[in-house]
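S.K.: Quick one: the structure is below, and I'll ask about it shortly.
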Amino acid sequence: MSDIPSEILLEMLLRLPAKSLFRFRTVCKAWRRIIDDPSFIKSHNNNQHSDTTLFIRTSTGTLYSLSLDSLNYTNGQQTIDVTHVKNVVRQGVPRLPAFPVASCHGLILISHYDIKKIWVIWNPLTGEFHELPQPDIDVRLIGSGLGYDSVSDDYKVVRIDEMCRNGKVVYQTFVYSLKLNSWKMIRDCPCDFSWGSQGVFLNGALHWISWDMIIALDLAVEDYRQLPLPSVRLPVDKRLDALGGCLILSDAYAMKRAWVMKDYGVENSWMDLFSSRERDSMGGLGYLWPIAYLKSKGQLIMQHDSNIICWDIDKSCAKKVTIHGLPDFLSSQICPGSLFRLDDNCCVGGSVAAKRTAGVKRKRKKANTSPDGVWKRPPQGVLRVDVDACFNEKENPHTVGGIVQR
């Protein structure tokens, strides 16, 4: 490998997924220096827009990750590799809730409405997490989020609290800087939104869905601005996602319709992405929610119960991926791998709160199902996938009511 010019080696490494690079740190000291270099990590983050690592959380809190690219969506069965992800287990730190959660560049914010709980920024790939100092407040949390400020090269956490000030209800905003390891208060959020909302990060800002607008917090200037909603009749309960570099708006529960903002911040760039007509072509599916938007492939990936639905936007047809070996109740979220180290160097002056989940010893449960039928964690890498034929009746004449006959 010493014969490879350094420029070519660097370009090769930048194209690899973070999971592989984290393993390749052990190849030699030279590679470790390159991969651990902050400038390399920053460049690698900027090149990971196509990362399709899917995190799956079971109802018992067990975590797995798999690559959506490993699903070939051809009819029949295939075996895919899955990775069991060690969770953060530490006294005072809340359990990771059901997805979606606040995340940015492969880092995840584990937060809680209870002020006594410790908030942490967690890197699932490296197993490291950083404990945030507790702000000196005792109010009602209504929103939070994790994002990246490219101007100051800093990860920031936001919490928005409802409080009464001078007899008036206001939405106080605090911003935490990972570099400075401290909180500061900025101007109040100008509007209310659903309790417990997690901000979605896109284009240097965190976004929350309000009743009649999208409220965005620019992390560089730490100030709010408003973005328009589609000029159509919208559902009362709305959901906002940042998928494939775009804002996506949909029903919070049934997902009868979905819209995508093609040009960020432009009101007339909202376009239909999914409608009740497409939903009806799949048969009587219950709850649907989007988990990925693959623009280059023209695909919208959704979750339905424990199944993954791949909707081909151009062909107007869908494939259902059934993952065996997992319980019926699960949640999922796209989260690319990150090489960012939450060690003593991530804060000015260092931090003794940086820990590793790998260092926490836990009593392991035996894999597979127990004799009494209670689900237990399956062995890593043995999950089997079934892919149904196309739901669309024009594409597949051997369907009844849009559901494949077996």
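S.K.: Any idea what log10 I(q)/I(0) is at q = 0.19 Å⁻¹ for the stretch 86-160, Debye with uniform C-alpha scatterers and no solvent?
M.R.: The Debye formula, applied to the Cα set alone, gives -0.81.
S.K.: For a Förster distance of 45 Å, can you work out the FRET efficiency between the beta-carbons of Leu180 and Lys315, rounded to the nearest 0.05? Please report the intermediate quantities before stating the final value.
M.R.: Working: r = 50 Å, r/R0 = 1.11.
That pair, Leu180 with Lys315, gives E of 0.35.
S.K.: Ordering Arg165, Arg233, Arg159, Arg32 by accessible area with a probe of 1.4 Å, largest first, what comes out? Working shown, then result.
M.R.: Values: Arg165 85, Arg233 215, Arg159 5, Arg32 105 Å².
Ranking Arg165, Arg233, Arg159, Arg32 by accessible area, largest first, yields Arg233, Arg32, Arg165, Arg159.
S.K.: May I ask you to derive the FRET efficiency for Ser152 and Arg187 from their Cβ-Cβ distance with R0 = 22 Å, giving the value to the nearest 0.05? The partial results should precede the final answer.
M.R.: Numbers: r = 18 Å, r/R0 = 0.84.
After rounding, the FRET efficiency stands at 0.75.
S.K.: While we're looking at this one, here's another question. Jot down the per residue volume, in cubic angstrom and as a whole number, of the convex hull over the alpha-carbon atoms of the stretch 81-215. Numbers along the way, then the final one.
M.R.: Numbers: hull volume 17.8 nm³, N = 135.
Roughly 132 Å³ of hull volume per residue.
S.K.: On to the next question. Output wanted: per-residue J couplings in Hz (rounded whole) for the stretch 201-208, from phi through Karplus 6.51 cos²θ - 1.76 cosθ + 1.60, θ = phi - 60°, x for Gly and Pro.
M.R.: 9, 6, 6, x, 9, 9, 10, 10
S.K.: For Arg140, enumerate residues with amide H under 5 Å from its amide H, sequence gap 5+ or separate chain, H modeled in the peptide plane.
M.R.: Placed amide hydrogens put Glu162 under 5 Å from Arg140.
S.K.: Further, regarding this structure: Given a cut-off of 19 Å, name the pairs among Lys86/Lys319; Lys156/Lys179; Lys19/Lys42; Lys297/Lys319 whose C-alpha atoms lie farther apart than that in the structure shown. Provide the component values of the computation, followed by the final result.
M.R.: Numbers: Lys86/Lys319 31 Å; Lys156/Lys179 9 Å; Lys19/Lys42 15 Å; Lys297/Lys319 14 Å.
Flagged as over cut-off: Lys86/Lys319.
S.K.: Follow-up. What is the calculated FRET efficiency for Tyr253 to Arg15, with r their C-beta to C-beta distance and R₀ = 41 Å, to the nearest 0.05? The partial results should precede the final answer.
M.R.: Values: r = 39 Å, r/R0 = 0.95.
Efficiency computed from Cβ-Cβ geometry: 0.55.
S.K.: If packing is taken as the average number of other Cβ atoms within 10 Å across a peptide's residues, how do 288-294, 314-320, 12-18 rank, most packed first? Walk me through the numbers on the way to the answer.
M.R.: On the way: 288-294: 21.6, 314-320: 17.9, 12-18: 15.3.
Highest to lowest by the protection proxy: 288-294, 314-320, 12-18.
S.K.: Describe numerically, in nm with one decimal, the distance between label points set 7 Å from Cα along Cα→Cβ at Phe24 and at His324.
M.R.: Rounded to a tenth, the inter-label distance reads 3.5 nm.
S.K.: Whose amide H sits under 5 Å from the amide H of Leu288, counting only residues 5 or more places off or on another chain, with H placed in the peptide plane?
M.R.: Met255
S.K.: Okay, next question. Give me a comma-separated list of calculated 3J(HN,Hα) values for the stretch 8-17, in order, Karplus coefficients 6.51, -1.76, 1.60 applied at θ = phi - 60°, integers in Hz, x for any Gly or Pro.
M.R.: 5, 4, 4, 5, 5, 5, 5, 8, 7, x
S.K.: Let me ask you something else. Using a 7 Å offset from the Cα along the Cα-to-Cβ direction at both Ala98 and Ile115, what is the distance between the two label points in nm, to one decimal?
M.R.: 2.9 nm
S.K.: Would you grab the residues whose amide H sits under 5 Å from the one on Leu180? Only those 5+ places off in sequence or on another chain, please, with H modelled 1.01 Å from N.
M.R.: Val348
S.K.: Next question, about the same structure. What is the extension gain from Arg165 to Ile137, computed as 0.36 nm multiplied by their sequence separation minus the C-alpha to C-alpha distance, in nm to one decimal? Show your work: numbers first, answer last.
M.R.: Working: separation 28, 0.36 × 28 = 10.08 nm, distance 1.33 nm.
Full extension of this stretch gives 8.7 nm more.
S.K.: Figure the gain on full extension for Thr60 and Thr83 (residue separation times 0.36 nm, minus the Cα-Cα span) and round it to one decimal in nm.
M.R.: On the way: separation 23, 0.36 × 23 = 8.28 nm, distance 1.66 nm.
This chain segment gains 6.6 nm when fully extended.
The values are calculated or read from the model by the stated rules, or taken from the named source; none is laboratory data. Just so you know, these numbers come straight off a predicted model, no measurement behind them. All Cβ positions, glycine included, derive from the backbone under ideal geometry; neighbour counts span all protein chains shown. Remember, those area values only see protein heavy atoms, side chains included, never the ligands or the DNA or RNA. Shrake-Rupley method; radii C 1.70, N 1.55, O 1.52, S 1.80 Å.
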